[in-house]
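So the structure is just underneath, and the comments pick up after that.
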Protein chains: 2
Amino acid sequence: MALADFQGRIKKLRSLMEKNRLDACLINSRNDVYYYTGNDIGDSCFLLISEAKPCIFVTSLSNEIESAKEFNAIFIKGVSDISKRLKRFRRVGFDEYSTSYKVFSDLKKSKPVLKPSASIIKEPRMVKDEWEMEQISKAAGITAKTMSNLGEILGKSETDLSEQIELSFRKAGAKPSFDTIIASGKHSAFIHHKPDKAMIKQDDLVIIDIGAVFNSYCSDMTRTFCKKPGPKERKIIENISGIQGELIDMAKDGIKYDDMQKRYEALLKRKGYKLLHSFGHGIGIGVHERPAKGDTLKSGMVITVEPGTYIKGFGGYRIEDMVIVRKGRSKILTR
Amino acid sequence: MALADFQGRIKKLRSLMEKNRLDACLINSRNDVYYYTGNDIGDSCFLLISEAKPCIFVTSLSNEIESAKEFNAIFIKGVSDISKRLKRFRRVGFDEYSTSYKVFSDLKKSKPVLKPSASIIKEPRMVKDEWEMEQISKAAGITAKTMSNLGEILGKSETDLSEQIELSFRKAGAKPSFDTIIASGKHSAFIHHKPDKAMIKQDDLVIIDIGAVFNSYCSDMTRTFCKKPGPKERKIIENISGIQGELIDMAKDGIKYDDMQKRYEALLKRKGYKLLHSFGHGIGIGVHERPAKGDTLKSGMVITVEPGTYIKGFGGYRIEDMVIVRKGRSKILTR
């Protein structure tokens, strides 16, 4: 059993900060605070990384007591209290995506020098360490097992299936990592359909897109079932499965995310399908995280590969697996 | 059965916009978009309210198709596309809490006049209409029933209890509205303790703070159990229950939220307890919503009343009920 290496993660961040001439970084997304400290404190918490001991600012006294470990925990009344403490740094990075306009305005009160730095803060999360790989593999395993144990789906409703899946996650010590998608028949033409009372029929395409979170790490997997596929369904299944195979073959250390996306678009176009979403996404503490647009795949990253096509009034087909990027052939986690 | 009155809600907002000289409002929190349109589209969706027909900007083509009803749905590639459309208005309100620094920067690209207006956007949500009351009452009823059907808690672990509670919600067609809090023994001194493997013992104070979301509306309720209370526990139970009674009596149309809070602090002080959180909060589509600091209670608002005390190394006690504010005595929903 590996251990989570928080010191190593902070070291990586400090090295990126140095390259970008930041002498401090204010981190305030729940997932990032968890990544760097192991504390899942909630949404209104701030972590300050500088040369000194990392410092967690908390707004609830009780949470402070429970969370203080190898970090200084400082109780604050409001964000303005943080602003004063940032003035002594020359350049402070902040997360422009998780910082609201209101919080930004409060952080600015004492006029510190703030620089949008989400890409720096999130970069270390891309390549997973050994401990993280263990958690992700478990999350993926739970999802794959749930998918293969679905049993007979005919005669069940979409909500029946989603309940069955979430129970299966719970029994394995996990929870859904996002709202379960069960889209049968015409519903399958919609990418994010919510399960309803629709009963599953034998000629339906049934998209089942599910994920578990285990020990704070996420999985994401899609299968599309069809009990009695007609010729049109068969063609779609064959085409999209083929595209997925090509993309998984391509996913290697050194390949650009954007080149994968271009290739995906070209493969869809060749079959006459429209591009409606990206080929896949990075996954870890977040269901969707980097690598994304602009990034290059590296050994130890975990991504999903999820081609799909959607035809209004007919239905859709999507297949999604999680893979570990390596120098050679990527390793599929969800089979 | 009442029906959700979206037109009425938008009318209320337009009247507030007029008072505040806004000719448009850009709404982008998921709960607000749901409130004004009945569409639960997700986090990256924008609703524009002006004199014209309301317009939903969506970033996924498939979601657009499913959500378009009495609203114009416009597919956009990115937030900059919205910026251009805002230029024709003199003053555009936006939600400074749910708009990130990044989105704000993108919205500013075409230099529209943007005004922080979260308080205006959220004000209509405070007083619930008949349909909303039905959903909230159901959510509260599910939670109260789950609480009274807990059965024997001795010999169960905190996680056992949280699983039992979430299953009970699911059977009633609901889901947890927040992370279930089961805090036994010393854990009960922490306001937001996460359930762990700790077994419940007969002299433990056991805080059970749970809530269900039914049809998008939330409930929130806390009970603290103690099988064999000693004199110290008995005193705390008596004091906090008494404080809750006084606060519920006070919660009437015309009373200021801040005066409730001041009264809560005074009541705690009289018993020698520290103030560690607010006396309660508004509840509806959000678990925590207005009324809050600065608001005045009005008939038809729904709030929680949740006094508590927490003693490090010993334990804590909290009791929480949901009440409907009225001209006369408020009505308790969670009993």
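The values are calculated or read from the model by the stated rules, or taken from the named source; none is laboratory data. All of these numbers come straight from a predicted model, not from anything done at the bench. With ideal geometry, Cβ positions are generated from the backbone for all residues, glycine too; neighbour counts draw on all protein chains shown.
Of all the criteria given as (1) touching a residue at least 60 places away in the same chain (Cβ under 8 Å); (2) within 12 Å of chain A (Cβ to nearest Cβ); (3) surrounded by fewer than 16 Cβ atoms within 10 Å (Cβ to Cβ), the one not satisfied by residue B:130 is (2). For region B:141-163, give me each residue that is surrounded by 16 or more Cβ atoms within 10 Å (Cβ to Cβ), more than 11 Å from chain A (Cβ to nearest Cβ) and of a type in the set (S, T, N, Q). Answer for region B:141-163, where residues must be surrounded by 16 or more Cβ atoms within 10 Å (Cβ to Cβ), more than 11 Å from chain A (Cβ to nearest Cβ) and of a type in the set (S, T, N, Q): B:143, B:146, B:157. Kindly indicate the residue of region A:288-300 that is touching a strand residue (DSSP E or B) at 6+ places or on another chain (Cβ under 6 Å) and buried (at least 18 other Cβ atoms within 10 Å of the Cβ) and also nearest to residue A:34 (Cα to Cα) among those meeting that condition. So the residue we want is A:289.
Against the numbered list (1) without any contact (Cβ under 8 Å) to a residue 24 or more places away in the chain; (2) in a helix (DSSP H, G or I), residue A:135 comes up short only at (1). Condition check: at pLDDT 95 or above, under 27 Å from residue B:282 (Cβ atoms) and outside any helix (DSSP H, G or I). Does residue B:146 satisfy that? No; evaluated as a whole, the condition is false for this residue.
Being more than 23 Å from the chain's Cα centre (by Cα) and in a loop (DSSP other than H, G, I, E, B) is the filter; apply it to region B:2-23 and report the residue that is nearest to residue B:127 (Cα to Cα). Looking at residues that are more than 23 Å from the chain's Cα centre (by Cα) and in a loop (DSSP other than H, G, I, E, B), I get B:20. Please enumerate the residues belonging to region A:194-230 that are outside any loop (DSSP other than H, G, I, E, B), surrounded by fewer than 24 Cβ atoms within 10 Å (Cβ to Cβ) and touching a Pro at 6+ places or on another chain (Cβ under 9 Å). Passing the criteria: only A:213. Every residue in region B:164-193 that is surrounded by fewer than 19 Cβ atoms within 10 Å (Cβ to Cβ), farther than 21 Å from residue B:139 by Cα and within 13 Å of chain A (Cβ to nearest Cβ), please. If the condition is that a residue be surrounded by fewer than 19 Cβ atoms within 10 Å (Cβ to Cβ), farther than 21 Å from residue B:139 by Cα and within 13 Å of chain A (Cβ to nearest Cβ), then B:186, B:192 are the ones that fit.
Among residues of region B:46-79 being assigned to a loop (DSSP other than H, G, I, E, B) and at pLDDT below 85, the one that is nearest to residue A:275 (Cα to Cα) is B:60.
So, in region A:105-123, of the ones that are surrounded by fewer than 20 Cβ atoms within 10 Å (Cβ to Cβ) and part of a helix (DSSP H, G or I), which residue ends up nearest to the other protein chains (Cβ to nearest Cβ)? That would be A:105. Of all residues in region A:275-313, exactly one satisfies the criterion of being among the basic types (Lys, Arg) and closer than 19 Å to residue A:213 by Cα, namely A:290.
Taking region A:233-318 as the region of interest, the strands (runs of 3 or more DSSP E) fully inside it that hold 1 or more residues being away from chain B (no Cβ under 14 Å) are A:302-305. Of the set (1) in contact with a helix residue (DSSP H, G or I) (Cβ under 9 Å, 6 or more places away or on another chain); (2) more than 30 Å from residue B:178 (Cα to Cα); (3) within 13 Å of chain B (Cβ to nearest Cβ); (4) not in a helix (DSSP H, G or I), all apply to residue A:26 but (2). Taken over region B:107-137, residues that are within 15 Å of the chain's Cα centre (by Cα) and not small (Gly, Ala, Ser) amount to 11. For region B:281-322, the set of residues classified as β-branched (Val, Ile, Thr), closer than 27 Å to residue B:225 by Cβ and more than 13 Å from the chain's Cα centre (by Cα) consists of B:309, B:311, B:319, listed by residue number.
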